[in-house]
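This report concerns only the one structure given below.
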Amino acid sequence: MKNFCLLAILLLFSGIASAQDKEWTLEECVNYALENNISVKQAQLDVEFSEIEKRDAVGNFIPSLNGQATNSWNTGLTQNVTTGILQNQTVRNFSAGVSAGLTLFDGLRNFKAMQRARISRLASEYSLDKMKDDIALFVADAYLQVLFNKQNLEVLRAQNEITQEQMKRTQDLVDAGVLPQGDLLEIRATMADEQQNMILAENQIQISLIGLAQTLGIKDYQNFDIVERDYNILGSEILENSVYDIIERAKEERSEIKIAEANKELAEKDVELAKGAYLPTLNAFFNYNTRATGQDQVVDIIPDPDNPTRQIGFVEGTNQAVLTPNTIPVLGSPLPFFDQLSRNDGFSYGVQLNVPILNGFATRNQVRRNEVGVLRAEYNLEQAELDLEANIYQAFTDAKGAFKAYEAAIVAEEAQSKAFEYATERYDVGLTNAFDFSQAKVRYENAQREVLRAKYDYIFKLKVVELYFGIPVRELKF
């Protein structure tokens, strides 16, 4: 038993450790966000809501069926159903019925509502697709920002190691009298600045990781981390296409245009629905009803011994006597409950025609409102196409400019690397001072960081162009 408990504890801690040691890939982050991001979940609720609207439209074709039952008691002076005598009593009344109705014709509005519900479902699905694309790009941008911050810290650490080695050599040269004490102070100041920059870089890593975790919907910020890998520049062939080809492809694939087109169709269906109110409606109905009556107090009838022309009724359980003329027939006891229901039932059925004549121009005004809605939807579609073209031009231009900036950053880094090597050689032999050496080192460090920034900026902007070209989110490769 003790060994079993020990094994369970070890397995528990190993599971916790493995969960804490998990490092997320970009693909895992995107897939997790598409399943758990709040904005995506809200878009999915819109799809579910449109599905409910579709079921409502289907329900308009199904007959309505309703049942009702009433059971009441009346207490007071009422006529006894057995004797015909007015007396204080309690009478129970029961009634029940079933009614059914079916719309035979309503100006084809049921069919138009069904068509509108289907279009609304498509529009909500397009909105969900767009939301997923937006979230995927947002996650990719946040992920690349974390990578940039991590690699930026690596650059700072590598430069700091060089500074530490240089400080040792400077100390030796100062002790030997080759270099002045000021050079050592300059190197130490550079060391302090680099350590401060590393602290800031570590903070930036944590901030960017928290931002990415929040986008994914992960609460455990402390143990969240990503896979540290270097992404290469791939897939730049898409920039060899004409921007016009990308625009035409985007108009066919992008959800922005599909949403605007669906909204235009919805507006047109609203006009058709409103025009249906000009036409008559025809409805069929069927009703079944029955009833039963019962008494909680019963009257016993006997001849009046003092007057043979009269009868005396005694309320059961009391000494109250009620005189009744013999001209009023004495009825028998009420029928049993179910026998009354059988004898008192009845049916009614038929059709009802409603012809609209005048309703204060309400129908006409509603049609006009919806026609204005169609015009607005057409303008929105036109604007969506213009916005898409502008966004693609911007993305295409940004991606090309980012690639040129990346190439220029590489050339600048190579030049600064050689300049730093030359400054190091001159400093080691005492031909330059520590200040000039530190400046060369800072320029080289900035060039390295600029290469990283330009690289990840280009990768992200390239992915934006790929999305406009119609590459699905899950097929994005970095």
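Please pick out the residue among Q439, Q416, Q448 that is of a type outside the set (F, W, Y), under 27 Å from A201 (Cβ atoms) and in contact with a Lys or Arg (Cβ under 6 Å, 6 or more places away or on another chain).
Numbers: Q439 fails: in contact with a Lys or Arg (Cβ under 6 Å, 6 or more places away or on another chain); Q448 fails: in contact with a Lys or Arg (Cβ under 6 Å, 6 or more places away or on another chain).
Of the residues listed, the single one that is of a type outside the set (F, W, Y), under 27 Å from A201 (Cβ atoms) and in contact with a Lys or Arg (Cβ under 6 Å, 6 or more places away or on another chain) is Q416.
Condition check for E35 on (1) touching a residue at least 24 places away in the same chain (Cβ under 8 Å); (2) closer than 30 Å to A213 by Cβ: one failure, at (1).
Can we say R188 is surrounded by fewer than 14 Cβ atoms within 10 Å (Cβ to Cβ) and of a type in the set (D, E, K, R)? Give the derivation first.
Values: surrounded by fewer than 14 Cβ atoms within 10 Å (Cβ to Cβ): no; of a type in the set (D, E, K, R): yes.
The answer is no for R188.
Would you confirm whether or not region 167-176 contains a residue that is under 20 Å from the mean Cα position of the chain (by Cα) and either open to solvent by 50 Å² or more (accessible area, probe 1.4 Å) or within 29 Å of K264 (Cα to Cα) (or both)? No: zero hits.
Filter region 41-56 down to the residues that are farther than 30 Å from L216 by Cα and touching a residue at least 12 places away in the same chain (Cβ under 8 Å), then identify the one that is surrounded by the fewest Cβ atoms within 10 Å (Cβ to Cβ). First the steps, then the outcome.
Keep residues of region 41-56 that are farther than 30 Å from L216 by Cα, which gives 53-56.
Subsequent filtering for residues that are touching a residue at least 12 places away in the same chain (Cβ under 8 Å) retains 53-54, 56.
Details: E53: 15, K54: 17, D56: 12.
Taking the candidates together, the pick is D56.
The residue of region 214-229 that is surrounded by the fewest Cβ atoms within 10 Å (Cβ to Cβ), among those that are among the β-branched types (V, I, T) and in a loop (DSSP other than H, G, I, E, B), is V227.
Does A277 satisfy being under 30 Å from N391 (Cβ atoms) and at pLDDT 85 or above? Considered against the rule, which asks whether it is under 30 Å from N391 (Cβ atoms) and at pLDDT 85 or above, A277 comes out as no.
Within region 305-325, can one find any residue that is assigned to a helix (DSSP H, G or I), exposed (fewer than 12 other Cβ atoms within 10 Å of the Cβ) and either at pLDDT 90 or above or among the charged types (D, E, K, R) (or both)? Write out each step before concluding.
From region 305-325, those assigned to a helix (DSSP H, G or I) are none; that's our starting set.
No, every residue in region 305-325 fails to be assigned to a helix (DSSP H, G or I), exposed (fewer than 12 other Cβ atoms within 10 Å of the Cβ) and either at pLDDT 90 or above or among the charged types (D, E, K, R) (or both).
Among the residues of region 355-396, which ones are of a type in the set (K, R) and either within 21 Å of T281 (Cα to Cα) or open to solvent by less than 80 Å² (accessible area, probe 1.4 Å) (or both)? Give the steps one after another, and end with the answer.
First, the residues of region 355-396 that are of a type in the set (K, R): 364, 368-369, 376.
Hit for region 355-396 is R364, nothing else.
In region 83-119, how many are over 30 Å from N370 (Cβ atoms), aliphatic (A, V, I, L, M) and open to solvent by 30 Å² or more (accessible area, probe 1.4 Å)? Of the residues in that region, 3 qualify. Do we have K168 as within 26 Å of N37 (Cα to Cα) and basic (K, R) here? Criteria not met by K168. I'd like to know if region 433-442 contains one or more residues that are surrounded by fewer than 16 Cβ atoms within 10 Å (Cβ to Cβ) and among the charged types (D, E, K, R). Looking through region 433-442, at least one residue is surrounded by fewer than 16 Cβ atoms within 10 Å (Cβ to Cβ) and among the charged types (D, E, K, R). The requirement of being closer than 21 Å to L137 by Cβ and either at pLDDT 90 or above or among the acidic types (D, E) (or both) is satisfied by I392. Before we move on, is V464 within 26 Å of L184 (Cβ to Cβ) and within 50 Å of the chain's Cα centre (by Cα)? Here the answer is no, as V464 does not meet what is asked.
Might you let me know whether region 32-47 holds any residue that is closer than 30 Å to T103 by Cβ and at pLDDT 90 or above? Give the derivation first.
Taking region 32-47 as the starting set, the residues that turn out to be closer than 30 Å to T103 by Cβ are 46-47.
Adding the requirement that they be at pLDDT 90 or above leaves 46-47.
Taking every residue of region 32-47 in turn, at least one turns out to be closer than 30 Å to T103 by Cβ and at pLDDT 90 or above.
If you check E382, E378 for being in contact with a helix residue (DSSP H, G or I) (Cβ under 8 Å, 6 or more places away or on another chain), in a helix (DSSP H, G or I) and either modelled with pLDDT of 90 or more or of a type outside the set (S, T, N, Q) (or both), only one passes: E378. On the given criteria, is Y422 assigned to a helix (DSSP H, G or I), aromatic (F, W, Y), open to solvent by 90 Å² or more (accessible area, probe 1.4 Å) and within 30 Å of D183 (Cα to Cα)? For Y422, the condition - assigned to a helix (DSSP H, G or I), aromatic (F, W, Y), open to solvent by 90 Å² or more (accessible area, probe 1.4 Å) and within 30 Å of D183 (Cα to Cα) - is met.
Does Y379 count as of a type in the set (F, W, Y) and under 30 Å from A158 (Cα atoms)? No: the conditions fail for Y379. Is there a residue in region 57-79 that is small (G, A, S), open to solvent by 70 Å² or more (accessible area, probe 1.4 Å) and modelled with pLDDT of 90 or more? Yes, the conditions are met somewhere in region 57-79.
The values are calculated or read from the model by the stated rules, or taken from the named source; none is laboratory data. In this text, all values refer to a predicted model and were calculated from it rather than measured experimentally. Cβ: placed from backbone, ideal geometry, glycine included. Neighbour counts: every protein chain shown. These area figures cover heavy atoms from the full protein model, side chains too; ligands, DNA and RNA do not enter into them. Shrake-Rupley method; radii C 1.70, N 1.55, O 1.52, S 1.80 Å.
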